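Down below is the structure, laid out as structure tokens.
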Amino acid sequence: MQEVVSIREANQHLSRYLDRVEEGTEIIITRRGKPIARMMPIEAQRHLSDGQRAARERLRERMHHGYALGGLRVERETLHERDRGDQSDR
């Protein structure tokens, strides 16, 4: 559902329109009859595109197998290990 209101109306009754947005209504705000902004509910869960999903899976796979650096294989856990001397400096 969509509702159109002027800036003045939205400003004077903002909490009323925010309540409607929480219920799922999309509010279009106009200035001199022209739409300039849209208030709509934030989705609870972000939806990834197919390309984003594929990129995430490639990254997970790369992290699982570690990184090869010129014949030397370095795994993620090794990169995050610290010497005991480094921790005492903190």
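Scan the range 21-35 for residues that are over 13 Å from Arg8 (Cβ atoms) and either assigned to a strand (DSSP E or B) or at pLDDT 95 or above (or both) and jot them down. Across the range 21-35, the qualifying residues are Glu26, Ile27, Ile28, Lys34, Pro35. Search the range 39-52 for residues being surrounded by 11 or more Cβ atoms within 10 Å (Cβ to Cβ) and modelled with pLDDT of 90 or more, and hand back the single one that is farthest from Met1 (Cα to Cα). Among those residues, the one meeting the criterion is Gln52.
Within the range 62-72, is even one residue surrounded by 10 or more Cβ atoms within 10 Å (Cβ to Cβ), modelled with pLDDT of 75 or more, more than 30 Å from Glu22 (Cβ to Cβ) and of a type in the set (D, E, K, R)? Within the range 62-72, one or more residues are surrounded by 10 or more Cβ atoms within 10 Å (Cβ to Cβ), modelled with pLDDT of 75 or more, more than 30 Å from Glu22 (Cβ to Cβ) and of a type in the set (D, E, K, R).
For the range 31-81, which positions are more than 22 Å from the chain's Cα centre (by Cα) and β-branched (Val, Ile, Thr)? Residues satisfying the conditions are Ile36, Val74, Thr78.
The values are calculated or read from the model by the stated rules, or taken from the named source; none is laboratory data. As the structure is a prediction and not an experimental result, all values here were calculated from the model. All Cβ positions, even for glycine, are placed from backbone atoms using ideal geometry, and neighbour counts span all protein chains on display.
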